[in-house]
Amino acid sequence: MKHLTEERLDRIRGCMIGGAVGDALGYAIEFNDIQSIRNRYGQRGITRYLLNYDGVAEISDDTQMSLFTANGLLNSFTRQAMCSDTGKAIHDIAWAYCDWYETQTGKKKPHRKCWIRDIPELNHRRAPGMTCMSALQCLREGKEVMNNSKGCGGVMRVAPIALYPYPDRDGSARDAHEIARLGAEAAEITHQHPLGIYPAAMLVHLIYRIVNHPVDSAVLEDIIEEALTMNEPQNYTEATAYMKDLVHQAIQLSKEDMDDVAAISKLGEGWTGEEAYAIAVYCALKYRNNFEKAIVAAVNHSGDSDSTGAIAGNIMGALSGRKAIPDYYIKNLELVSVIEEIAHDLYTGCIITNNAPADTPEKELWRKKYGENK
């Protein structure tokens, strides 16, 4: 049991850090075509970080929003534990995204929901998605969010939802489909096209299964197939049929002897949810035992490099754990200590309850982080 506990922690840390690694590597080339990338970095493309003047590999809005997803989720389950509140986690995640919105605009309300809102490094604009920004502006103003966006901004931020320990009343683990629905709801806060929502559900399903059931790379394809069996709303049928075809194409391409750039071009550029997920699936399957090769393939193409890198990094990190991520990708990674801290909090779950006071330094710190909103 101890071994399984340590393995689960390693997978959770791997998922969070892996996503940030892929994000940071791809962020430097997000708006470049593959020829420009190769002209600058060589035939393999970018393989090591482009550091800023402070020697830091900067994360983009992808990792920023992933951290706010996690903070909102932890706020929700802490509030439920402390107040016997049965409120929905999705509401706290939505308010966490509003906190993130404030870091991008500088228009901060005096009260905040997430402790990470005050971290200076998270108060920088890192190419935030316009769909996310416009939707959250509506949310903050009490207006209905109305769009038909299938951008990848929904799927690139939801991996933390798969990492929290969701116990049922009898102590057993929740069904993966149930957790996946929360992933879909989190994406739908800002993206309302089925192809902006359904990939988020599939990613959460996939990572939840990897993290909570001892698996190895040999069964990765089986779990990807399993994630396709979710019951989607009736109006999603046409969109999800296309999504499933694209994922099956990614699976088949991963088995062929083809240049990665050529293979990825058949799946798209990753700007939309279904394309970003399919590209990440391709890279994870083709290089399922090699974190670096998977991430390098995921970012070096003429598309949304940081998002495809982040999603592939989430999958690969969950599959092989933090221990499989090379040190040169962890060194210089922006906010790596915060990412590690959030990952550990997701692993433990809420450690305080209404009936058990914060009588240790650890519990008091938890209460200040997730139990009181200033």
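The values are calculated or read from the model by the stated rules, or taken from the named source; none is laboratory data. None of these values were measured; they are calculated from a predicted model. Positions of Cβ are backbone-derived with ideal geometry, glycine not excepted, and every protein chain shown enters the neighbour counts.
Could you please let me know if residue 229 is surrounded by fewer than 20 Cβ atoms within 10 Å (Cβ to Cβ) and β-branched (Val, Ile, Thr)?
Working: surrounded by fewer than 20 Cβ atoms within 10 Å (Cβ to Cβ): yes; β-branched (Val, Ile, Thr): yes.
The answer is yes for residue 229.
Would you point out which residue out of 70, 81, 96 is farther than 30 Å from residue 263 by Cβ, among the aliphatic types (A, V, I, L, M) and touching a Gly at 6+ places or on another chain (Cβ under 6 Å)? Show your work before the answer.
Numbers: 70 fails: touching a Gly at 6+ places or on another chain (Cβ under 6 Å); 81 fails: touching a Gly at 6+ places or on another chain (Cβ under 6 Å).
From the options 70, 81, 96, the qualifying one is 96.
State whether one or more residues within segment 26-42 are surrounded by 24 or more Cβ atoms within 10 Å (Cβ to Cβ), touching a residue at least 24 places away in the same chain (Cβ under 8 Å) and either within 21 Å of residue 317 (Cα to Cα) or touching an Asp or Glu at 6+ places or on another chain (Cβ under 8 Å) (or both).
yes
Which condition from (1) surrounded by fewer than 24 Cβ atoms within 10 Å (Cβ to Cβ); (2) within 30 Å of residue 351 (Cβ to Cβ); (3) of a type outside the set (Ser, Thr, Tyr) is the one that residue 161 breaks?
In the conditions (1) surrounded by fewer than 24 Cβ atoms within 10 Å (Cβ to Cβ); (2) within 30 Å of residue 351 (Cβ to Cβ); (3) of a type outside the set (Ser, Thr, Tyr), residue 161 misses (1) alone.
Of the residues 38, 79, 44, 48, only one is within 25 Å of residue 121 (Cβ to Cβ) and basic (Lys, Arg); which?
48
If the requirement is being assigned to a helix (DSSP H, G or I), modelled with pLDDT of 95 or more and under 15 Å from the mean Cα position of the chain (by Cα), which of these qualifies: 263, 276, 297, 250?
276
Can you find a residue that is under 26 Å from residue 56 (Cβ atoms), assigned to a helix (DSSP H, G or I), polar (S, T, N, Q) and touching a Leu at 6+ places or on another chain (Cβ under 9 Å) anywhere in segment 320-341?
There is no residue in segment 320-341 that is under 26 Å from residue 56 (Cβ atoms), assigned to a helix (DSSP H, G or I), polar (S, T, N, Q) and touching a Leu at 6+ places or on another chain (Cβ under 9 Å).
Are any of the residues in segment 273-286 touching a residue at least 24 places away in the same chain (Cβ under 8 Å), closer than 30 Å to residue 79 by Cα and in contact with a strand residue (DSSP E or B) (Cβ under 8 Å, 6 or more places away or on another chain)?
So far as segment 273-286 goes, no, none of its residues is touching a residue at least 24 places away in the same chain (Cβ under 8 Å), closer than 30 Å to residue 79 by Cα and in contact with a strand residue (DSSP E or B) (Cβ under 8 Å, 6 or more places away or on another chain).
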